1. Take segment 158-185 and flag every residue that is closer than 14 Å to Phe257 by Cβ and of a type in the set (Phe, Trp, Tyr).
2. Condition check: in a helix (DSSP H, G or I), within 16 Å of ligand 1 (Cβ to nearest atom) and either without any contact (Cβ under 8 Å) to a residue 12 or more places away in the chain or over 24 Å from Glu131 (Cβ atoms) (or both). Does Pro385 satisfy that?
3. If you go through segment 39-53 one residue at a time, how many are of a type in the set (D, E, K, R) and open to solvent by less than 10 Å² (accessible area, probe 1.4 Å)?
4. Just wondering, is there one or more residues in segment 122-142 that are open to solvent by less than 10 Å² (accessible area, probe 1.4 Å), within 25 Å of Phe329 (Cα to Cα), small (Gly, Ala, Ser) and at pLDDT below 95?
5. Could you name every one of the helices (runs of 4 or more DSSP H) located completely within segment 3-107 that has at least 3 residues being within 29 Å of the chain's Cα centre (by Cα), modelled with pLDDT of 95 or more and not aromatic (Phe, Trp, Tyr)?
6. Contact list please: Cβ distance under 7 Å, first residue in segment 94-115 and within 20 Å of Val39 (Cα to Cα), second residue of a type in the set (A, V, I, L, M, F, W, C), pairs at least six apart or on different chains.
7. It is to be established whether one or more residues within segment 453-476 are surrounded by fewer than 21 Cβ atoms within 10 Å (Cβ to Cβ), within 16 Å of ligand 1 (Cβ to nearest atom) and in the same structural domain as Val497 (by the TED database).
8. State which residue is surrounded by the most Cβ atoms within 10 Å (Cβ to Cβ) when the search covers only segment 388-439 and only residues that are more than 16 Å from ligand 1 (Cβ to nearest atom) and charged (D, E, K, R).
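The values are calculated or read from the model by the stated rules, or taken from the named source; none is laboratory data. Only a predicted model underlies this, so the values are computations on that prediction, with no experimental measurement involved. No Cβ is skipped: glycine too gets one built from the backbone with ideal geometry, and neighbour counts run over all protein chains shown. Side chains included, ligands, DNA and RNA excluded: accessible areas come from the protein's heavy atoms. Shrake-Rupley method; radii C 1.70, N 1.55, O 1.52, S 1.80 Å.
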Amino acid sequence: MKPVIFIPCDAAALAVGADKVASAISQTLAARGLDAQIVRNGSRGLHWLEPMVEVRTGHGRVAYGPVKPSDVEGLFDAGFLEGADHPLFLGEARELPFLKRQTRLTFARCGVTDPLSVSDYRHYKGLRGLENAVTMQPGDIVQMVTDSGLRGRGGAGFPTGIKWDTVRKAPGARKYVVCNADEGDSGTFADRMIMEGDPFVLIEGMAIAGIATGATKGYIYTRSEYPHAIQTMRAAIEIARREGILGPAVLGSEHAFDMEMRVGAGAYVCGEETSMLNSLEGKRGVVRAKPPVPALEGLFGCPTVVNNVLSLASIPLILDRGAEYYRDFGVGKSRGTMPIQLAGNIKHGGLFETAFGITLNELIYDIGGGTASGRPVKAVQVGGPLGAYFPTSHFDIPFDYEAFTANNGLIGHAGIVVFDDTVDMMKQARFAFEFCALESCGKCTPCRIGAVRGAEVIDKIAAGAGVAEQKALLDDLCNTMRLGSLCALGGFTPYPVSSALTHFPEDFGPRPQSQTQPAEAAE
Ligand SMILES: Cc1cc2nc3c(=O)[nH]c(=O)nc-3n(C[C@H](O)[C@H](O)[C@H](O)COP(=O)(O)O)c2cc1C
Ligand code: SF4
């Protein structure tokens, strides 16, 4: 049997030289007169081992990594086509502890298959959910999604089934499914990994959403910073059309559904659903006041399902295995699995999908191996730039929407950014305001003005000008932004600020100006 070599084409692997490794392997095969098939797979999400090259052998898929082009000759000399030992030998991929501890439901195929092969997709249980959906009544599909307990993975954790039911029942000759793939949160990359590593699962999830709600057209909205995801998704949509997965008769049924990619310029606020709809309509990405909610009046004023990539990519499995199967994972009202993204100063960063309920302690230390710098962990920020900072004393919090809310935090898109003890939490608080000021759409005053004033107040604390008074002012400002902002960009910016102030008060105080001002302002 011809050996098969898997070399990831995911952006994280490309960034550390996967293409160069692929061409070194091709050249070595040619130079040695060897015959092997090269498959460019997605990433398995063990980022510190990328590029992680795998070889399919008689005893499973054996992994090597991180591989540099200069390692390739040595790998061939050692006999890596037969899965032989070598200093980069990692063992059988699926037995790697980082992978073995996961429950991969949404990411089951990512890194395993050729992302653009429909036969691979079918072989690994793809399209079964859609095959079921085309035979079901829309109301029954929605009920199944509701029963699964799936909540939106984009940030707010809103029950997906309830949203779909609103769209299904809304009157409208035309309805849409919009996939939010803007993925602007710091430390997040799961949406991109799905689009690059298993695009058909997203297409399948969107087609099911269309059938369930009566929508016949879908859009995936992403950012121009994701060129590989855009390319792969566009190619996958073309293939899905050719294969009859999309088009006037989805899988030969009476249901029509088609979709397109749309690329935004990369403004954080364009991830907010109403701002995204404006951007999709060709307008400025400014937040719309709600009501009306997009489920009733969304894209071009029509009923619209807006869901995150991960929410939609979880749907095919639910339709295949049933609501109960999915709901059996998780804790409390957080059902199923969450693809958690470990980033920042962490030794073993990457994608870790697991059932809700795991603690930050397990994630940061047991799985992530602590910091990459080797220094003690000081804080983690969970949920993107609007998420709270947690000190190590809070690392026993389980990954669960309600537990995070009770601790004044949010799960958001499940990105965790780790900081060691060299981080200055007052600078991080200032950064939250700076970020909000830069990304604000400008529609409401608490956010537009408050973010700028917040950075100024922190500068005054740093300058030692009436510190107690300024801290009280900061508290007041945070309350105003939290309660008075039109959307969560202004409304949640107080989370990182207040959590930094609450948990690390020792960092808030006078210090030399050069340490607090941004570089350009200090010049
Ligand atoms: C400032 C801001 C940025 C957001 N960015 C994203 C994003 O990049 N991706 C996303 O799915 N949701 C984002 N959201 C949440 C969306 O508004 C919306 O709740 C989500 O797309 C709904 O999908 P879900 O129910 O599947 O989570 C953002 C919200 C705000 C306020
Ligand atoms: S909170 Fe900020 S981003 Fe949201 S509507 Fe107001 S100005 Fe725009």
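1. Tyr176 - this is the single residue of segment 158-185 that is closer than 14 Å to Phe257 by Cβ and of a type in the set (Phe, Trp, Tyr).
2. Numbers: in a helix (DSSP H, G or I): yes; within 16 Å of ligand 1 (Cβ to nearest atom): yes; either without any contact (Cβ under 8 Å) to a residue 12 or more places away in the chain or over 24 Å from Glu131 (Cβ atoms) (or both): yes.
In short, yes.
3. From segment 39-53, those of a type in the set (D, E, K, R) are 40, 44, 50; that's our starting set.
From what is left, the residues that are open to solvent by less than 10 Å² (accessible area, probe 1.4 Å) are none.
Count: 0.
4. Restricting attention to segment 122-142, the residues satisfying the condition of being open to solvent by less than 10 Å² (accessible area, probe 1.4 Å) are 126-127, 129-130, 133, 141-142.
Subset that is within 25 Å of Phe329 (Cα to Cα): 126-127, 129-130, 133, 141-142.
Right, trim to small (Gly, Ala, Ser) and you get 126, 129, 133.
Those still in the list that are at pLDDT below 95 too: none.
No, that holds for no residue.
5. Working: elements: 11-15, 18-31, 72-78, 97-100.
Of the helices (runs of 4 or more DSSP H) lying wholly inside segment 3-107, those with at least 3 residues that are within 29 Å of the chain's Cα centre (by Cα), modelled with pLDDT of 95 or more and not aromatic (Phe, Trp, Tyr) span 11-15, 18-31, 97-100.
6. Phe107/Leu351; Arg109/Val201; Cys110/Met193; Cys110/Ile194; Asp114/Val39
7. no
8. Arg430
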